[in-house]
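Note sheet for the following structure.
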Amino acid sequence: MEKSKTDPSLLSERARQNRSMAKDASFFKYVLGNIRSAALYGHWLRVLAYFRRLRLVAIILRIAGILLTVLQTGALVLLTTVIFLIALPIFVSLMLGILLTALLESRKTNRVLSKLLCGKRIYILFAAEDPTPFFIANAKDLALRPNAAVLIVSPFLLSSKGIFRRRFYCTARREVENIYTLRRYYFFNLRKKVLGDKETAYFY
């Protein structure tokens with residue numbers, strides 16, 4: 001059975017991961033930590049559970065069986081290899097391009113946010129892939145406090161989805177007054193270069 005987004009165990013695990021992220025020194029250390037803690041394996045299990053719930057596994061297996069029958073083993077291996085050799089370089093190049101652009105853009109973003117956050121109390125929130133109405137209301141309420149700014153760390157590497165806007169961004173994006181959304185890989189740079197001497201409060 002799929003867990004609800006408000007399931008206490010799921011919320012506790014998400015909070016634990018966010019706390020761990022906030023303590024990591026860099027984005028790459030955070031990624032390695034996720035791999036070592038089998039976070040990716042946990043995601044894979046949730047994906048499998050989702051497909052089982054929708055009864056798609058049996059359909060996929062039947063389709064795979066038909067394909068295996070139609071295609072010779074050698075042709076299937078060749079097709080898989082060609083797809084892999086084409087898709088992998090494209091994906092790696094895309095990610096490296098985004099990270100390089102983020103690295104170059106981070107200095108400019110740091111300067112801008114350093115001025116905008118000067119003298120403010122900063123609240124750092126970690127968004128889920130599908131933020132609840134409570135999360136959004138909480139972010140808006142915090143942003144209305146005197147001399148406050150809210151930084152929301154996005155769970156997405158590429159998606160432009162935010163709590164208010166959908167325009168693509170590389171490092172950070174202004175959502176509404178005093179609310180900004182950050183990429184996870186940029187969060188570490190901002191914390192080190194800008195937030196070190198500022199008053200911050202974390203909400204996991």
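The values are calculated or read from the model by the stated rules, or taken from the named source; none is laboratory data. In this text the structure is predicted, and so the values were computed from the model without any measurement. Side chains are part of the model used for accessible areas, which takes the heavy atoms of the whole protein and leaves out ligands, DNA and RNA. Shrake-Rupley method; radii C 1.70, N 1.55, O 1.52, S 1.80 Å.
Ordered by solvent-accessible area of protein heavy atoms (1.4 Å probe), largest first, the residues Val112, Val194, Val176 come out as Val112, Val176, Val194. Accessible area ranking (1.4 Å probe, heavy atoms, ligands and nucleic acids excluded), largest first, for Met95, Met21: Met95, Met21.
Among Ile152, Ile63, the order of accessible area from largest down is Ile63, Ile152, computed with a 1.4 Å probe on protein heavy atoms.
Once the convex hull of all Cα atoms in the range 164-204 is built, its volume per residue stands at 96 Å³.
On the full set of protein chains, 1.4 Å probe, figure out the accessible area of Tyr180 and give it in Å² to the nearest 10. Number for this one is 20 Å². Computed with a 1.4 Å probe over protein heavy atoms only, the accessible surface of the range 80-166 comes to 61 Å² per residue.
You can think of it this way: the chain between Lys108 and Asp141 has 9.0 nm of extra reach, that is 0.36 nm per residue less the Cα-Cα gap.
When nucleic acids and ligands are ignored and a 1.4 Å probe is applied, Lys140 ends up with an accessible area of around 100 Å². In this structure the amide hydrogen of Tyr202, modeled in the peptide plane, comes within under 5 Å of the amide hydrogens of Ile124, none closer than 5 places in sequence on its chain. Leu113 sits with roughly 10 Å² accessible to a 1.4 Å probe, with DNA, RNA and ligands left out of the calculation.
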